[in-house]
Structure formats: C-alpha cells, structure tokens
2 protein chains.
Amino acid sequence: MLHDSPPHNHLGVTQIRSSCASCSLRELCLPVGLNDHEIQLLGDIVSQKRKLYRGGYLYRSGLKFQSLFAIRRGFLKTCVLEEDGRQQVTGFHMTGELLGLDAISSEVHTCDAIALEDSEVCEIPFTRLEDISIIIPSLMRHFHKIMSREIVRDQNVMLLLGSMKAEERLASFLLNLSRRFSIRGYSESDFNLRMTREEIGSYLGLKLETVSRAFSKLQDENIISVKNKHILIKDITHLKLKMGNSSCIT
Amino acid sequence: MLHDSPPHNHLGVTQIRSSCASCSLRELCLPVGLNDHEIQLLGDIVSQKRKLYRGGYLYRSGLKFQSLFAIRRGFLKTCVLEEDGRQQVTGFHMTGELLGLDAISSEVHTCDAIALEDSEVCEIPFTRLEDISIIIPSLMRHFHKIMSREIVRDQNVMLLLGSMKAEERLASFLLNLSRRFSIRGYSESDFNLRMTREEIGSYLGLKLETVSRAFSKLQDENIISVKNKHILIKDITHLKLKMGNSSCIT
DNA sequence: CGTTGGGTTGATCCTCTTCAAACAGGGTGG
DNA sequence: CCACCCTGTTTGAAGAGGATCAACCCAACG
C-alpha cells in the first residue's frame, strides 16, 4: 500500500544479467540467498559492463556520483588528490569488491579510482539499487553490512597508520593481501604485487625508500622473498608475529 | 567563561517521543523531511533513552550488536583495544552523531564507546530501523548517506595520519572540532576540550608530549591560546594555513 | 644500444618518541 | 584551612626511526 515501488525492469536488455549477478556481484548477492526472481531484478539493473586498461580511470574526484562499481576482474587503487597535487592512496581493491561507497554522502566522487591492471567492472546505478533494496530486504541488509565493513576496514587502516612502525605496517599489508588472494582462490604465500613501492608507501604513510628497506629487512630475516613485484611469503607465522608483536614490545 | 552553554534550547516542549525524533535524531531525520506519520513510526522505535556518566561505557568491544545510538547530548569517544591492552582512539563524537555503524557488518561491536562527559543517548534497534527503512525510503536513503559520510570521515583521518606532521594534525583536529561546535551553535573559536592530551595523541597518532608541545608552539605563535582544556582560537586563518600549507611545503 | 621508470642502498638530517623531572589543579581527609 | 595526594600537563635532553638527498642498478622498450 505504502510506496508503490515499480519493479524497474524497463532497461530491457538483460542478456548478461545472470553471469554478472552471479560472478562479479558476489559482494552484493552471493551471501544473500536470493531467489530467481530477485536475482533477475538485480541483474536487470547491472546491465552495464565496463572495461578498463591499466592506468585508466574508473571515475575521478569531483564527478557526479551515479553508480557503484563491482569489480569483475582486475585490480584498482583509489586515491585522493591533496591541494598541492600529490596523491595519497586510500585503498587497493580486487575482484568482487565494491567501489564508490564514499561518494554516496555528497553525491560527488571524493577520490579517483584507477586501474592497476586491465580490469572489468559492473556498473550499478545507485538509485536503482536503493529502489530494489525496498523490494528485496535481504539485499538491503547485505548492503548495509558491506558499507559497515568498509568502515571497519578504514578504522583498521587508521590503527595501522596511527600506531605501527614501518616494518609492522608492511607486514600487516602483506598479510592483508595474502588473505584476500587466498579467499579468491590464489596462493596466500606466492603472488605478484600490482602496485609500485611508491603506491604502497602512500597507502602505508611511508616513503618509497622506507618501503623498500622494510622489504629488504624482511627478506634478510628470511621471512619473505622479494623479487621486484613478486612476493613469496616463506614464514607466515613469523610475519604475523612481526605485525602484532612490536606494537606490544614498543 | 560559560561559552559552552547551549545557545538555543528549543526542545522540551514536546513529549519524549517526538523530542527524541526531532532533537537527538537530527542525524537521522532532520534533513529527510518526514511527514507526521513517518516521524511517529520513527519515534516509536526510538523509545529507549539511556543516560551515561563520565567514564561510563555505552558499549564494549565484543558485545553483540543490536542497536545504533544517537547522541542526544554529551561527548563520547570510541576506541579499540589492541591485543596488548593499550587502546587507540578512533573517534570523538558529539551531539547529534550516530554511533555503532562499524558493528553492523559482524553484528558484534568492534570498539568501545565511552562517555567523556555526562551524556544521554537514544537507542535505535537496528533491525527495526531497517524494517521501517522499507516503509520510508527517504529514511533509508538518508541512512545510506550517513554511513557513507562515516567512510569519508575515516578516509580523511587516514589522510591526516598518513601524510601530516604533528602540528598540522593538531591544527586539523582543532579546526574539525571548531567546525562541529559551530554547527551546533557554539562558538567556533572558544571551547573546552573534553579529552586529555593522551586521548588526542592516540587519535592523531602522536604521543601526549608531542601534542602538548604542538599546543605550546601554536600558542607561542599567537595562533591559539591554551589554558588546560580551554582553547581560544585567535587567528583561524593562520590555523588553516598551518594545516594545508606545510603538507604542501614539505 | 640509450632511455626511462622503478627499485635498492647509503649517508645525513629532522621529527617525534622516550625518559625524566617538575608543575598545576582538583579532590580528600585531617 | 592546609597538607597531601592523584591525575593530567608542561618542558628539557637524549635517542630512534623515517625522511631526504643522492648514487647506482636493473629490466623493459623504443
């Protein structure tokens, strides 16, 4: 009775919907347990796919916000420009993650999203998403959890930046990557970095030289092996100790 | 010396329910433009008020999450305990702000919320909030903006922690407080801190001595005047320069 | 080839931390 | 009222960790 929300299936073209809904939207719908009709509703609004080449912008700071983006494949970074032109990396994002949440509040993007390798994303028009959230409450609840998880993630970074030393930050960073790769079915101990030392440093609040030195130190201690962008974690327990311990010793 | 007294006290006329909805829930419903029936719906779920004394816990890390809390009056901090027992402050929160958003994802509180002065909050059972979001889409949309704003806020802190020097951090912190006081009708240049130097330091990723020194330096430069917890901003433009500039010079 | 962007490593400097001492203000109990 | 804490704060001096500056290496690529 109240609020006769239309089903919103008037974009028509929906050939890729189920592959899109089931694959790249795993953040959004996998854990929700939708029925067929609901998946169709969701698939309808996620019709747009977008391909990005390395270095390409998904969106830029200052642009009007209209859609969230679910990463279908690839690797992106988000970064904000400071007034003086330098940039700080605020996050690295991989397959299955959702980008653009920060822009909902002001309806303007507050950061740039840039592909670190060739990538593909699904565009999710946000007002449409809100509309079907009303029809599919489980989707709405899941969306709230995703936003909340982003808050938790940011607070963990705040913790890292506020109280860890260079080596602990790098250990924490590597373990975070490791976990995320492993969740996606890749090796948790053997992977390639997609970002430069400078980008890592920017994210961790360190200079690139410090990052490089920290890598070397971990390698000297035989905890990891570093060869350019290729990382091999040789002693993951020791690496975990590195992270949690010195904040305790110090 | 009572620059902290509330300037316009337009509450108290109405009964508990709508005063709660119209005053302490300003984060939630003021900008939404609800009609009477909707305000009543909202007011119905926000029936619980809770009083906190200085030092009291609103919630603790590890507790099951059930409600968000809107601050009706007072001043709180949120902080996480690290494994070793020390704590890091993740935020300071004042009247009208919403607490507990980080707990939605895991349904367990990930931080402690502690009153820095006698405070009063409204409890908002979260599942009820989600339920009526379905009935009042404008409320849902507003809630999404609130969560998103929290993400933006955290990212700004990340920026601060990642790239600013001690003095810039403190300047940034003071300006942030100033703005929030001013929004609430208090003086933007004359206020009392509710937190200790140690808590400020924890929030800014600095030691309390460094905070103290930075205060003294700003005072020596005649930009602010500090007397214990009482702050007087004497040259706000200069203070703003302090914040934005050195990150540029450096 | 030479060029270029990214990475490593060393030496020095600077900021913040650490340790230490002294101080101020607000209770409390005598 | 004072003496006596207790907590929070200020300030100084010494030390550590990162930043900065600079040189050099390496792999990719025209």
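Tabulated data
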{"read-out": "List B:Glu188, B:Glu97, B:Glu168, ordered by accessible area with a 1.4 Å probe, largest first", "value": "B:Glu188, B:Glu97, B:Glu168"}
{"read-out": "Spatial separation of Cα centroids for the stretch A:105-176 and the stretch B:112-184, in angstrom", "value": "16"}
{"read-out": "Shielding score for B:107-113, defined as the mean number of other chain Cβ atoms within 10 Å", "value": "1"}
{"read-out": "Within 10 Å of each Cβ in A:155-167, the average number of Cβ atoms from other chains", "value": "6"}
{"read-out": "Accessible surface ranking that places the most exposed of B:Arg179, B:Arg54 first, with a 1.4 angstrom probe", "value": "B:Arg54, B:Arg179"}
{"read-out": "Filter on B:Lys165/B:Lys234; A:Lys165/B:Lys240; A:Lys217/B:Lys217; A:Lys49/B:Lys77; A:Lys145/B:Lys242; A:Lys234/B:Lys77 - keep pairs with C-alpha separation over 32 Å", "value": "A:Lys217/B:Lys217; A:Lys49/B:Lys77; A:Lys145/B:Lys242; A:Lys234/B:Lys77"}
{"read-out": "Pseudo-label separations to other copies for B:Arg128 - Cα-to-Cβ vector, 7 Å, nm", "value": "3.6"}
{"read-out": "Distance (nanometres) between label positions extended 7 Å along Cα→Cβ at B:Arg184 and B:His238", "value": "2.8"}
{"read-out": "Estimated dipole of the stretch A:98-250 in Debye, rounded to 20 [Cβ of Lys and Arg +1, of Asp and Glu -1, Cα centre]", "value": "640"}
{"read-out": "Net +/- balance of residues flanking A:Ile132 in space, Cβ distance below 9 Å, scoring K and R +1, D and E -1", "value": "-3"}
{"read-out": "Exercise: per-residue mean of other protein chain Cβ atoms within 10 Å, B:142-148", "value": "6"}
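The values are calculated or read from the model by the stated rules, or taken from the named source; none is laboratory data. Please read these numbers as outputs of a predicted model, since none were measured by experiment. As a convention, Cβ positions derive from the backbone with ideal geometry for all residues, glycine included, and neighbour counts pool all protein chains shown. When the accessible area is computed, the model is the full protein with side chains, heavy atoms only, and any ligands, DNA or RNA have been set aside. Shrake-Rupley method; radii C 1.70, N 1.55, O 1.52, S 1.80 Å.
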